[in-house]
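Heads up: the structure comes next, in structure tokens.
Only the coordinates and a few stated rules stand behind these numbers; no lab work does. Nothing here was measured: the structure is a model prediction, and the numbers come from that model. For neighbour counting, all protein chains shown are included, and Cβ atoms are generated from backbone atoms with ideal geometry for every residue, glycine included.
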Amino acid sequence: MENIIRVTVWNEYRHERDGEAKEFYPNGIQETIREFLAVNKDMKITTAVLDDPEQGLPDTLLENTDVLIWWGHMHHQEVNDALVEKIRERVYCGGMGFIGLHSAHHSKPFRAIVGCTGNLKWGDNQKEVIWNLAPSHPIAQGVPESFELESEELYSEPFFIPQPDELVFGSWYEHGNIFRSGCTFYRGMGRVFYFQPGHEVCRSFYNPHCQQIITNAVRWARPHMDTDVVNACPYTGKGFYNE
Ligand code: ZN
């Protein structure tokens, strides 16, 4: 699997069209993520937004996506259930990677893939310190022992997710709260990473450490498939692999 990683960055893209978020991400969060990923020669980046035809993810794009990055917030309910099922199936049976950013903890795909409510406690923007809990993990490469985000939305425990398969980052907030801010989950043939920073009126997607983590996560989450093993999924009838 030495070929190019086909990354699709999906964003709700409603906040950044007007109001305060536009000052932080004038072309949308998806464009900021595309820009920092695009410097990597091993990645081909496509962006998609909720208001695009077929909610940005026609079958032809989804079936040609190796890693799907998801940012959504106020309009999770508008995402079609049939599309969510296709995404879940592509992770479970196609080995597609899924990276949920920030408020994607409440997105339909994250909840469906991981199997949880994703509920958590939240509060005002404040200083966040992210601790590298697993320095040898591929997603933590190049990330220091800890780094600070001057202002990020408080996400706090309890965070109602299954115990993560790997806890890569943990956060401390100025008011004393803690949060499991970088978690991996292995689901079916696919890999999932959840990463907390990325509130629409904070600058976290410009932070070089956050950019490094998301870049690492794309490479980690790409399909890892042993092509000697081919089975048909009893639910979809499809092979486990993209045919
Ligand atoms: Zn937020």
- Item | the chain: Lys pairs at Cα distance under 30 angstrom, eight or more positions apart or on different chains | 15
- Go ahead and collect, in residue order, the members of region 199-219 whose backbone nitrogen is under 13 Å from a label point 7 Å along the Cα-Cβ direction of Glu166. 216-219
- Query: Between Ala38 and Glu63, what length comes free when the chain is fully extended (0.36 nm per residue of separation minus the Cα-Cα distance, one decimal in nm)?
  - Reply: 6.9 nm
- Query: How much length is gained if the chain between Thr46 and Asn27 is pulled fully straight, taking 0.36 nm per residue apart and subtracting their Cα-Cα distance, in nm to one decimal?
  - Reply: 5.4 nm
- Message: Can you compute the modelled spin-label distance between Glu145 and Gln126, with each label point 7 Å from Cα toward Cβ, in nm?
- Response: 2.4
- DSSP loop (so not H, G, I, E, B), at most 16 other Cβ within 10 Å: list which chymotrypsin sites (Phe, Trp or Tyr not before Pro) in region 91-166 pass both filters. Phe160
- Helical contribution to [θ] at 222 nm, DSSP H n ≥ 4, -39,500 (n - 2.57), averaged over the chain, rounded to 500: -5500 deg cm²/dmol
- Query: Taking the DSSP beta bridges in region 55-161 as the whole, what percent of them are antiparallel, to the nearest 5?
  - Reply: 70
- Query: By how many nm would the segment from Cys116 to Asn3 lengthen if fully extended, with 0.36 nm per residue of separation less the alpha-carbon distance?
  - Reply: 37.4 nm
